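The values are calculated or read from the model by the stated rules, or taken from the named source; none is laboratory data. Predicted model only: the values in this text are computed from it and were never measured. Quick reminder, even Gly has a Cβ in these numbers, built from the backbone with ideal geometry, and neighbours come from all protein chains shown. When the accessible area is computed, the model is the full protein with side chains, heavy atoms only, and any ligands, DNA or RNA have been set aside. Shrake-Rupley method; radii C 1.70, N 1.55, O 1.52, S 1.80 Å.
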Amino acid sequence: AGTPFRDLIDCQGTARLNEIHRQKDAWQRHASRDLAEGRIEDAVKAYDAEGAVRRNANRDKALANLLEDYLKDREAGGPSSTQLAFAHRRKDVFALNQAIRQALRSSAGAENEEIFTTETGPRAFGAGDRIVFNRNDKELGVKNGMLGTVETVDADQIAVRLDGDGSTSRRV
């Protein structure tokens, strides 16, 4: 009852983001601060001024452009670099994942794939696929947001090399 969080803030203060290290350009740091402080329109304008906003007439064109940008970034950074593509709706995420996967598989040659049932339905996995874990799992030793590369698949297991430590987790 009452306003315990407001009382805590009034009494103890709050943590604030004071320095931004990830973004190297001053305009990106400024835009990140705008986002953190709720000035979304200002942040989008900054990205737009730098040519980092692309408008599309429809969903299909937007997904095609995002796929093209993803593949260019991957080519520039190499297969060990990390690219992430985001979409708001699950059906767009699925369409984007399928398009990226198909493009990468056709350029590298398809390998063994297996179908696994996931929270969002049946999905194919094969060696070389990039995955992101979406929840903590102590048994697997993974945390929400961790990234990894599928090393091998068989009928009931996926072996994943986690980014950062190079360890392998198995999912049965």
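Quick notes
- The lone exception for Val150 - which of (1) at pLDDT 85 or above; (2) surrounded by fewer than 17 Cβ atoms within 10 Å (Cβ to Cβ); (3) at negative phi it fails: (2)
- Residue count for region 67-102 satisfying the condition of being more than 25 Å from Gly121 (Cα to Cα) and of a type in the set (D, E, K, R): 6.
- Test for Ala108: is it at pLDDT 85 or above and small (Gly, Ala, Ser): no
- Those residues of region 105-148 which are under 22 Å from Glu68 (Cα atoms) and touching a Pro at 6+ places or on another chain (Cβ under 9 Å), in sequence order: Ala108, Gly128
- Number of positions in region 130-167 that are within 13 Å of Asn112 (Cα to Cα) and among the hydroxyl-bearing types (Ser, Thr, Tyr): 1
- Candidates in region 9-35 are the residues that are of a type in the set (A, V, I, L, M, F, W, C) and touching a Ser or Thr at 6+ places or on another chain (Cβ under 9 Å); of these, the one that is most open to solvent (accessible area, probe 1.4 Å) is Leu17.
- Filter result (surrounded by fewer than 11 Cβ atoms within 10 Å (Cβ to Cβ) and part of a helix (DSSP H, G or I)) within region 41-72: Glu41, Asp60
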